[in-house]
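As structure tokens, the structure follows; a few thoughts come after it.
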């Protein structure tokens, strides 16, 4: 604990500091709650997306043999992203990326020379790419909000467990010291007055 001056001026500084800590703490706690709720919601979204990816993977597994056919070699060339838009969403003062849209280039291919399953396989692969890009953004959201939540939690703990108790203890110590000083001053005054009375009585 840092050494403090046991003065009335220091007492005022400590009281002002305590007021600031008590004023900021509810704001920090509210931000902490908002971030915790958002992180929890994003984790649920990530779990739902992982389930969807797993389902897509199982569906693709059934058609995995098709991708080894010569006709499947043309699929990769048709998976060109022409536009990927990412927006931002503000959560308790923190900007996080959000998925807006994903557009694939409309590349022509010969409908007559490709098998019937080609269109479905192309749609499945596009879906996989979109889901993985969505997941990437959700992971970024979690990382950014997780970092902010750690910082806010550290500040809440600092105020709750260090700054406020420290200020209260300093105020208590200064008040005790000033009270003792005033008591001693009154005692010295009474002694001095009694001495004066004794001296005056002796001179009379």
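The values are calculated or read from the model by the stated rules, or taken from the named source; none is laboratory data. The structure presented is a predicted model; accordingly, all values stated were derived computationally and were not measured. Quick reminder, even Gly has a Cβ in these numbers, built from the backbone with ideal geometry, and neighbours come from all protein chains shown.
Filtering 18, 28, 35 for residues that are under 24 Å from residue 136 (Cβ atoms) and either in contact (Cβ under 8 Å) with a residue 24 or more places away in the chain or part of a helix (DSSP H, G or I) (or both) leaves a single hit, 35. Scanning the stretch 48-83 for residues that are at pLDDT 85 or above and either in a helix (DSSP H, G or I) or touching a helix residue (DSSP H, G or I) at 6+ places or on another chain (Cβ under 7 Å) (or both) turns up 48, 49, 50, 51, 52, 53, 54, 55.
Among the criteria (1) without any contact (Cβ under 8 Å) to a residue 60 or more places away in the chain; (2) surrounded by fewer than 15 Cβ atoms within 10 Å (Cβ to Cβ), the one residue 139 does not fulfil is (1).
Any residue at all in the stretch 93-107 that's assigned to a helix (DSSP H, G or I), out of contact with any strand residue (DSSP E or B) (no Cβ under 9 Å at 6 or more places or on another chain) and surrounded by 16 or more Cβ atoms within 10 Å (Cβ to Cβ)? Steps first, please.
The initial filter retains those residues of the stretch 93-107 that are assigned to a helix (DSSP H, G or I), namely none.
Checked the stretch 93-107: no residue is assigned to a helix (DSSP H, G or I), out of contact with any strand residue (DSSP E or B) (no Cβ under 9 Å at 6 or more places or on another chain) and surrounded by 16 or more Cβ atoms within 10 Å (Cβ to Cβ).
Let's see how each residue does on (1) more than 16 Å from residue 175 (Cα to Cα); (2) crowded, with 16+ Cβ neighbours inside 10 Å:
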{"residue": "11", "(1), (2)": "no, yes"}
{"residue": "15", "(1), (2)": "no, no"}
{"residue": "25", "(1), (2)": "yes, yes"}
{"residue": "31", "(1), (2)": "yes, yes"}
{"residue": "43", "(1), (2)": "yes, no"}
{"residue": "50", "(1), (2)": "yes, no"}
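Close contacts from the stretch 71-83, counting a first residue that is surrounded by 14 or more Cβ atoms within 10 Å (Cβ to Cβ) and a second that is part of a helix (DSSP H, G or I) and at pLDDT 80 or above, with Cβ to Cβ under 7 Å and a gap of 6+ residues or different chains, come to 75/125; 79/125; 79/126; 79/129. The residue that is farthest from the chain's Cα centre (by Cα), counting only those in the stretch 91-102 that are more than 13 Å from residue 42 (Cβ to Cβ) and at pLDDT 90 or above, is 102.
Quick grid of which residues meet (1) part of a helix (DSSP H, G or I); (2) modelled with pLDDT under 95; (3) within 20 Å of residue 46 (Cα to Cα):
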| position | (1), (2), (3) |
| --- | --- |
| 120 | yes, yes, no |
| 126 | yes, yes, yes |
| 157 | yes, no, no |
| 177 | yes, yes, no |
| 188 | yes, yes, no |
| 194 | yes, yes, no |
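For the stretch 3-15, filtered to residues that are part of a loop (DSSP other than H, G, I, E, B) and within 22 Å of residue 158 (Cβ to Cβ), the residue that is modelled with the highest pLDDT is 4.
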